[in-house]
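Notes follow once the structure below has been shown.
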Amino acid sequence: MKKFAKSYFFGSFFVIFSLLIRLFDVEPLGPEGSRIGFASLNVSVHDFFGMHLFWYKLTQVLGYIAILLAAVFAVLGFIQLIKRKSLLKVDKNLLLLGLVYILLMLLYVLFEKIPFNYRPVILDPAEGLEPSYPSTHTLLILTVFGTALQLAADYLKNPKLLLTVKILSLTIMALTIVGRLVCGVHWFTDIVGGVLLSLFLISLYKDLILFTKKEQ
């Protein structure tokens, strides 16, 4: 249990927070009278920031970059598999990253289908109301770049290059949180949920690495 303390903490926090969203201050204040949790807080924050398409488009681009980065790691693992001719000989950090990516994809698809909250705006009239909790863009980008920071620390030996990668990754993660909040297509609690769930996955990845190192 202690070896996965951070994972349990963030995972439990996310579950509790998600339950509260379904129970606390639930009011029909969303588009078409859709019910949202933490209604007073969410509406106040959304009204304060309004809607800004620049930030929406920027975070969309950051999402594509995250997918591209994940694909690079997947290709790297595949190349190692071909060269070493055994899955067990692929770097454990890459194998564990693959497991986290699979879990990320499952969660991404799951929450795209579960309407904890609906978006505060209807982006496509043909689609109508869309589930918005947690912010899957926040989840995707933070998880990919957060786990990439761990890989960078293991693979990059040049201190200056490592520092540059860390600054760039943290900047992208910060821009994602701010951008998804102020762009107006999410409630405040959507962002919080995305951050908590990504922290769970990042912590799980780090805990798994430490666990496998101790078992060797």
Residue 156 surrounded by fewer than 23 Cβ atoms within 10 Å (Cβ to Cβ), modelled with pLDDT under 95, within 26 Å of residue 8 (Cα to Cα) and not basic (Lys, Arg): no
So residue 67, is it under 21 Å from residue 165 (Cβ atoms) and either open to solvent by 50 Å² or more (accessible area, probe 1.4 Å) or in contact with a Gly (Cβ under 6 Å, 6 or more places away or on another chain) (or both): yes
Residue match in segment 23-35 (condition: in a helix (DSSP H, G or I), under 24 Å from the mean Cα position of the chain (by Cα) and modelled with pLDDT under 95): yes
Pick from segment 97-119, criterion part of a loop (DSSP other than H, G, I, E, B) and in contact with an Asp or Glu (Cβ under 7 Å, 6 or more places away or on another chain), ranking: least open to solvent (accessible area, probe 1.4 Å): 117
Tally of residues being farther than 12 Å from residue 59 by Cα, touching a residue at least 24 places away in the same chain (Cβ under 8 Å) and polar (S, T, N, Q) across segment 163-216: 5
Qualifying positions in segment 198-216 - open to solvent by less than 10 Å² (accessible area, probe 1.4 Å) and aliphatic (A, V, I, L, M): 201, 209
Any hit, segment 6-29, residues being within 22 Å of residue 153 (Cα to Cα) and open to solvent by less than 40 Å² (accessible area, probe 1.4 Å): yes
Tally of residues being under 10 Å from the mean Cα position of the chain (by Cα) and among the hydroxyl-bearing types (Ser, Thr, Tyr) across segment 177-205: 1
Subset of segment 80-96 that is open to solvent by less than 90 Å² (accessible area, probe 1.4 Å) and part of a helix (DSSP H, G or I) - its residue that is nearest to residue 33 (Cα to Cα): 96
Cβ pairs under 7 Å, 6+ apart, first in segment 132-154 and in contact (Cβ under 8 Å) with a residue 12 or more places away in the chain, second acidic (Asp, Glu): 132/190; 133/190; 134/190; 135/190; 136/112
Where a residue in segment 68-83 is more than 18 Å from residue 102 (Cα to Cα) and its partner, wherever it lies, is open to solvent by less than 40 Å² (accessible area, probe 1.4 Å) and in a helix (DSSP H, G or I), with Cβ under 9 Å and at least six apart: 80/94
Positions within segment 120-138 being surrounded by fewer than 21 Cβ atoms within 10 Å (Cβ to Cβ) and either acidic (Asp, Glu) or in a loop (DSSP other than H, G, I, E, B) (or both), in sequence order: 121, 122, 123, 124, 125, 126, 127, 128, 129, 130
Any hit, segment 185-197, residues being in a helix (DSSP H, G or I) and modelled with pLDDT under 95: no
Qualifying position, being surrounded by 19 or more Cβ atoms within 10 Å (Cβ to Cβ) and β-branched (Val, Ile, Thr), among 167, 191: 191
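The values are calculated or read from the model by the stated rules, or taken from the named source; none is laboratory data. Source: prediction; values computed, not measured. Note: ideal-geometry Cβ built from the backbone for every residue, glycine included; neighbour counts use all protein chains shown. Surface areas here come from the heavy atoms of the whole protein model, side chains and all, with no ligands, DNA or RNA. Shrake-Rupley method; radii C 1.70, N 1.55, O 1.52, S 1.80 Å.
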